[in-house]
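Right, one structure below, let's go through it.
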Amino acid sequence: MGLREKMEQQRIGQNKNNQEEGKKEEHHIDIHDDLKNRVHQEVINEINNNKIETVSKENKVEILKILENIMAVEAENINHLDRIRITQELLNEIIGYGPLEVLLKDPDITEIMVNGYNRIYIEKNGKIQLSDVVFKDNQHVMNVIDRIVSSVGRHIDESSPMVDARLQDGSRVNVVIPPLSLVGPVITIRKFSKVPITVEQLLEFGSISKKMVAFLEACVKGKLNIIVSGGTGSGKTTMLNVLSSFIPDNERIITIEDSAELQLLQDHVITLESRPANLEGRGKISIRELVVNALRMRPDRIIVGEVRSAETIDMLQAMNTGHDGSLTTIHANSARDSLSRIETMILMSGMDLPLRAIRDQTTSAIDIIIQQSRLRDGTRKVVNITEVNGLEGEVVVMQDIFNYEMTGQLDNDGKFKGQFKSLGIKPRCLGKIMHNGVKVNDDWFIE
């Protein structure tokens, strides 16, 4: 027998073994699925009999007791460990988000990406990896999606196949279903820490330097208008939270977001959240309308979670008309790109303004741009702090105050080596900061 024939026989034998193992595993799963379906239905019937009006985490103890009583009868022949596992899985199905509950409870996971029922990716410690969690089928995913969107009064179906929502813990959720998605229902969950990340943690993570923190604190207290720029997942919202923590307690703060994510610790905070249209296409409240309304609410500070469309011009006008110290974020790859995006968004909003007028508005409104970046090693850094200095002709004049320089080498943990540097330039905005009674230190800007 030749080598090719031997290899073919080995391949056929391996396929048979795999099929047999698959059948065994499938048989094992079918047995447990049958038990789960039976117990699940009995629990629902018992809940209805006991007239429990809301099935949620608030009455977890009562539902768990019902579940354990039924499991004691139906699963008496199953070993103790499997019984505990099945009980927990059923509890997650009844009052939680099914298989996603395990991932949502893991504090090290920052992102959950469901690409169809059998491929769930996670971001853990800055790295994306395939998890071993799966749904039973696409309908199972849809059941969880319905639970997520209905909890915040949203609706999803084939006529409206995309939705943004928010979990009770503040995590942001985006859902896309067929026919838009060709891989089945897709869920993307951006998790947020229940306790906001502090300046000390950013320093510990190596995301920023002490001099940069001291300067940014002075900028916030000195009422400079600041934009945090960066790509998706670069840490813009985290930085916005940290900057907000520097705002004095005696100021009235209004936050405006699509999904409320900011976690401010001050007492005098009003949180506003936009609202999509209902099933009849009515009732939509945009970020722009909220920004305009916020100007009538006597704010000391306006914080917009992200500017991405027509609200940009209103935000700039607020910054230019006495609402100094405003903060927002924008998606852009560099400080200069962020200004270009602002110009584009203003033009797209239908404002018939010459480019020169837009640039005048932008440069007089914005003082500082903080550029965030997520590096290939998974770490997040403040790569630039840039001052906007006005116009020279048609060109916006900007200067970097701090930056992050990488050496291109890796340390023992597989992280890029680099250092934060002051460029030795004293920013022009120091006058405004000191005018507002905030002390500055020349040592911040020594190279």
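Values quoted throughout were computed directly from the atomic coordinates according to the rules given, and no laboratory measurement underlies them. Because the structure is predicted, anything quoted here is derived from the model rather than measured. Cβ placement follows ideal geometry from the backbone for every residue including glycine, while neighbour counts extend to all protein chains displayed.
Here are some notes:
- For the stretch 357-401 and the stretch 263-277, distance of Cα centres in Å: 26
- Only Lys, Arg, Asp and Glu carry charge here, each on its Cβ (+1 for the first two, -1 for the last two); on that basis the chain has a dipole of about 960 debye about its Cα centre.
- Judged by the ratio a/c of the largest to the smallest principal axis of the C-alpha gyration tensor, the stretch 234-340 counts as rounded, that ratio being less than 1.5.
- Inter-part distance where the stretch 281-350 and the stretch 219-237 are each reduced to a Cα centre, Å: 13
- With N the number of residues in the stretch 359-447, Rg(Cα) / (2.2 N^0.38 Å) evaluates to 1.32.
- Largest mean-square fluctuation among Gly98, Gly231, Gly350, in a Gaussian network model of the chain whose springs join Cα atoms under 10 Å apart, belongs to Gly350.
- Options (1) 48, 28, 22; (2) 46, 23, 20; (3) 38, 25, 21 - which one matches semi-axes √(5λ) of the Cα gyration tensor in Å as calculated here: (1)
- Estimated distance in nm for a label pair at Asp106 and Glu200, the labels positioned 7 Å out from Cα along Cα-to-Cβ: 2.8
- For the stretch 60-152, the list of GluC sites (Glu not before Pro) that fall in a loop by DSSP and count at most 11 other C-beta atoms within 10 angstrom reads Glu76.
- Between Asn278 and Glu251, full extension at 0.36 nm per residue minus the direct alpha carbon distance yields a gain of 6.2 nm.
- Electrostatic dipole magnitude of the stretch 225-272 [Cβ: Lys, Arg +1; Asp, Glu -1; Cα centre; debye, to 20]: 140
- Entries in Lys127/Lys221; Lys223/Lys381; Lys210/Lys417; Lys36/Lys194; Lys105/Lys223 that, when Cα-Cα distance is taken, lie over 29 Å: Lys127/Lys221; Lys36/Lys194; Lys105/Lys223
- Net +/- balance of residues flanking Ile145 in space, Cβ distance below 15 Å, scoring K and R +1, D and E -1: -2
- Placing a label point 7 Å from the Cα of Asn48 along the Cα-to-Cβ direction, the residues of the stretch 95-112 whose backbone N falls under 19 Å from that point are 95.
- Multiplying the residue separation of Asn174 and Asn412 by 0.36 nm and subtracting their alpha-carbon distance yields 82.0 nm.
- Extension gain, Thr232-Glu392: 0.36 nm per intervening residue step, less the Cα-Cα distance, totals 54.4 nm.
- Relative to the dominant Cα principal axis of the chain, helix 335-348 is inclined by about 80°.
- Given charges at Cβ of Lys, Arg, Asp, Glu: the chain dipole, positive-most of Ser245, Ser159, Leu90: Ser245
- Cα gyration tensor shape for the stretch 104-194, rounded if a/c is under 1.5, else prolate or oblate: oblate
- Cα centre as origin, Lys/Arg/Asp/Glu Cβ charges: the stretch 266-337 dipole, Debye: 180
- Shown here for the stretch 144-209: trypsin sites (Lys or Arg not before Pro) in loop regions (DSSP other than H, G, I, E, B) with at most 15 other Cβ atoms within 10 Å, namely Lys194.
- Charge tally in the Cβ shell below 9 Å around Pro107, where Lys, Arg are +1 and Asp, Glu are -1, Pro107 excluded: +1
- Contact order normalised by residue count of the chain, Cα under 8 Å, 6+ apart, percent: 11
- Derived scalar couplings ³J(HN,Hα) [the stretch 354-361; Karplus, 6.51 cos²θ - 1.76 cosθ + 1.60; whole Hz; x for Gly, Pro]: x, 4, 4, 5, 5, 5, 4, 4
- Positive-pole candidate from Thr255, Leu216, Gly283, dipole of the chain, charges at beta carbon: Leu216
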